[in-house]
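The values are calculated or read from the model by the stated rules, or taken from the named source; none is laboratory data. Since the model is a prediction, treat every value here as computed from it, not as a measurement. Cβ placement follows ideal geometry from the backbone for every residue including glycine, while neighbour counts extend to all protein chains displayed.
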Ligand SMILES: CC(C)(COP(=O)(O)OP(=O)(O)OC[C@H]1O[C@@H](n2cnc3c(N)ncnc32)[C@H](O)[C@@H]1OP(=O)(O)O)[C@@H](O)C(=O)NCCC(=O)NCCS
């Protein structure tokens, strides 16, 4: 009953950092056999970024590479190219996210891989779509966020903090990996019908932009009428030509805001500053009545300044002030309980610590503990974000750099002598320093 959806699918994983590895991580958790190619002696850059101990891979690497095999391989050497060619001939999917042009230089472009193995699907991540004037730029997370209108629409809209702001969520990195995953899974279904692999090109820009769709909706509305009722700038402030930063508005037609609460103590300390709750007033009269009754604001039900959604949009400052006064002497958990029971959309602002210590989230998938063994022991990561009724991923450890090199080479038919030669001629291990 636990048949892995991608059982038997072979993936050559030429990815590094976060965007590509987040995609191949999911492929591995769905049961594919993922072979991660890493430069001998160097490996994925994240192995040594943000380390917690000098000789151990960082949590950054650990959280993105579980259940993969690591093949140390210099794809610039003739033997390295030959080994990669053999791997590709057996592969179902090849994935890469090197800088623009790097794969062509190595000789493993889509065209080259397609000629070697027409069934092989080729997934690639770059910063920008091929039509973009920025297509040759290298890209990291913030570059995607600033160019896809995510940063220009995020953050505070007035005062000294009014500047483009990045989201803490990895809209350009892991989100791009998930978008590529959709393309690769679609390509696998397509191959069932055509027998042929396809080229899936995913830019970080487009993945980020896909999550900024509602900001383009706002731009269209602004262009037409010159204002946006859900924004703090409405009705008294000024709108310019483009969608402004929105602070903590809900973003659609309902009225939402973040309200300060009394610190609950423990993990909800004053110092960490997450003593807030998000409350939403829905537009419907029945929903609004339930919210008013829960907060004791029954007078609003007959007051024309508040008893319709449009009126509340025009008087949102007064709405926010009154709700803020109501939440001020309650903890975010108390507010959530009171309003949640009344059917009002509400949620406490939770810190990473509060979330990661919530035992209910260790349900087998939401947050998972992986036993890496050795000096690292157990670490926590975010599991497969969806559940399947007939499949449960098993979360295993990450490979050491080149930890599966011999095993992979043997499976390709190389002899022990050849494997020894590859380790000595710089193909699968760094060349020995010349004797002085
Ligand atoms: C992330 C990024 C900015 C890093 O750029 P970079 O520092 O130049 O690193 P790259 O790994 O891409 O390339 C470095 C070199 O290593 C080489 N290399 C990487 N793996 C190799 C291997 N196994 N064997 C031989 N060479 C290898 C590349 O071919 C490249 O050589 P070149 O400079 O001669 O062309 C860039 O890869 C990029 O823009 N990628 C696309 C967008 C993306 O995914 N960004 C990351 C988001 S998390």
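Here is a list: 150, 139, 207. Which entry is under 24 Å from residue 247 (Cα atoms), touching a strand residue (DSSP E or B) at 6+ places or on another chain (Cβ under 9 Å) and buried (at least 22 other Cβ atoms within 10 Å of the Cβ)? Result: 207 is the single residue among 150, 139, 207 that is under 24 Å from residue 247 (Cα atoms), touching a strand residue (DSSP E or B) at 6+ places or on another chain (Cβ under 9 Å) and buried (at least 22 other Cβ atoms within 10 Å of the Cβ). Only residues that are under 13 Å from residue 185 (Cα atoms) and within 13 Å of the chain's Cα centre (by Cα) were counted in region 25-39, giving 1. Restricting attention to region 83-94, does a residue exist that is under 19 Å from residue 130 (Cα atoms) and either more than 31 Å from the chain's Cα centre (by Cα) or free of Cβ contacts under 8 Å to residues at least 12 places away in the same chain (or both)? No. Please determine, by comparing only the residues of region 164-189 that are more than 13 Å from the chain's Cα centre (by Cα) and within 22 Å of residue 29 (Cβ to Cβ), which one is surrounded by the most Cβ atoms within 10 Å (Cβ to Cβ). Top of the filtered list is 184.
Residues that are part of a strand (DSSP E or B) and surrounded by 15 or more Cβ atoms within 10 Å (Cβ to Cβ) within region 261-297 comprise 268, 276, 277, 278, 279, 280, 281, listed in sequence order. Any idea which residue in region 114-138 is farthest from residue 207 (Cα to Cα), counting only those that are away from the ligand (no atom under 11 Å from the Cβ) and in a strand (DSSP E or B)? That would be 121.
Of the residues making up region 89-103, those that are more than 9 Å from the ligand (Cβ to nearest atom) and surrounded by fewer than 20 Cβ atoms within 10 Å (Cβ to Cβ) are 89, 90.
Looking at 142, 164, just one residue is within 30 Å of residue 214 (Cα to Cα), touching a residue at least 24 places away in the same chain (Cβ under 8 Å) and more than 14 Å from the ligand (Cβ to nearest atom), and that residue is 164.
Contact map, region 118-129: residues that are within 15 Å of residue 27 (Cα to Cα) paired with residues that are within 12 Å of the ligand (Cβ to nearest atom) and part of a loop (DSSP other than H, G, I, E, B), Cβ distance under 8 Å, separation 6+ or inter-chain. Pairs shown: 124/97.
Among residues that are in contact (Cβ under 8 Å) with a residue 24 or more places away in the chain and either under 28 Å from residue 137 (Cβ atoms) or touching a strand residue (DSSP E or B) at 6+ places or on another chain (Cβ under 7 Å) (or both), residue 49 is not included.
Answer yes or no as to whether residue 111 is at pLDDT 95 or above, away from the ligand (no atom under 16 Å from the Cβ), over 22 Å from residue 9 (Cβ atoms) and assigned to a helix (DSSP H, G or I). Walk me through it before giving the result.
Numbers: at pLDDT 95 or above: yes; away from the ligand (no atom under 16 Å from the Cβ): yes; over 22 Å from residue 9 (Cβ atoms): yes; assigned to a helix (DSSP H, G or I): yes.
Answer is yes for this residue.
Just checking, which of 218, 241, 223 is more than 16 Å from the ligand (Cβ to nearest atom), buried (at least 18 other Cβ atoms within 10 Å of the Cβ) and not in a strand (DSSP E or B)? Within the list 218, 241, 223, the selection yields 218.
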